[in-house]
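Input: a single structure, listed below in structure tokens.
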Amino acid sequence: MSELFSVVPQHSETVQEITPIQSRHANTAFSSDRIGLRELPLCGQFNLRIKPDNAEQMAIAASMLGGDLPTQVLTSVVHGDVRINWVAPDDWLVIMPWDQARTFEADYRAKQVGHYSIVDISGGQTLVELSGPAARAVLKKSTPVDVHPDAFVIGKTVGTAFAKSAASITRTDSDCYLLVIRRSFADYLWDWLLDASAEFRG
């Protein structure tokens, strides 16, 4: 299972600790020898947009994130506790612990130059980890994306249709996937995942 976000971060007083799925479900984690399913702790999530051919902007972003932004299509990187997913040629999703996220936007605006965009989207999304030998079978029920290991390598990330909604899927390890889902669809997609994984949970 992914080590990222394995420790619940400290929350600011203005942040509610109840996650989107917790607000409707008593249990937000299930596991068996074949499948694991859990909603991850609340994290800071930011949409960054800068020009990848602007070396100064890219360097400033890298200095604040602990490493370079991924520039290859559909790839992701991890720098310490920070995950960065490629979304489009000039568009990235940055995920980080709350204690780092509290001041990140203000610090970023103070240092970045030129035309850029940073949007805090933490409140609009939640993270679900799907893991275990049967994880790929659950994904095959849920999305049209080719999740064969040869086509969906570790580190690949893609935004796609998921059930009757949408999700971002990142393969974080051999049998581990991170799903980024919209808050408004969290309850529906959690129920979908529970149903799709029922045969593997014993």
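Here are some notes:
- Residue tally, condition polar (S, T, N, Q) and without any contact (Cβ under 8 Å) to a residue 60 or more places away in the chain, over region 110-149: 2
- None of Arg109, Arg182 is farther than 27 Å from Ser23 by Cα and of a type outside the set (A, V, I, L, M, F, W, C) except Arg109.
- Pairs with Cβ under 8 Å, 6+ apart, first in region 69-80 and at positive phi, second open to solvent by less than 40 Å² (accessible area, probe 1.4 Å) and modelled with pLDDT of 95 or more: Leu74/Trp86; Leu74/Thr157; Leu74/Val158
- Close Cβ contacts (under 8 Å, 6 or more residues apart or on different chains) running from residues in region 40-60 that are farther than 13 Å from Gly123 by Cα to residues that are among the basic types (Lys, Arg) and modelled with pLDDT of 95 or more comprise Gln57/Lys51; Ile60/Lys111.
- Annotation: of all residues in region 37-79 being in a strand (DSSP E or B) and either farther than 27 Å from Arg182 by Cα or of a type in the set (D, E, K, R) (or both), the one that is nearest to the chain's Cα centre (by Cα) is Glu39.
- Options Thr28, Thr71: the member that is open to solvent by 40 Å² or more (accessible area, probe 1.4 Å) and not aliphatic (A, V, I, L, M): Thr71
- Restricting attention to region 104-123 and to residues that are touching a Lys or Arg at 6+ places or on another chain (Cβ under 9 Å) and modelled with pLDDT of 95 or more, the residue that is least open to solvent (accessible area, probe 1.4 Å) turns out to be Ile118.
- Candidate set: region 131-162, residues that are farther than 24 Å from Asp91 by Cβ and outside any helix (DSSP H, G or I); chosen: the one nearest to the chain's Cα centre (by Cα): Ser131
- Selection status of Asp99, in contact (Cβ under 8 Å) with a residue 12 or more places away in the chain, open to solvent by 60 Å² or more (accessible area, probe 1.4 Å) and closer than 22 Å to Trp190 by Cβ: no
- Taking region 50-63 as the range and being surrounded by fewer than 16 Cβ atoms within 10 Å (Cβ to Cβ) and either under 13 Å from Ile118 (Cα atoms) or of a type in the set (Val, Ile, Thr) (or both) as the test, only Lys51 passes.
The values are calculated or read from the model by the stated rules, or taken from the named source; none is laboratory data. Please read these numbers as outputs of a predicted model, since none were measured by experiment. Note: ideal-geometry Cβ built from the backbone for every residue, glycine included; neighbour counts use all protein chains shown. Just the protein is used for accessible areas: all its heavy atoms, side chains included, with ligands, DNA and RNA removed. Shrake-Rupley method; radii C 1.70, N 1.55, O 1.52, S 1.80 Å.
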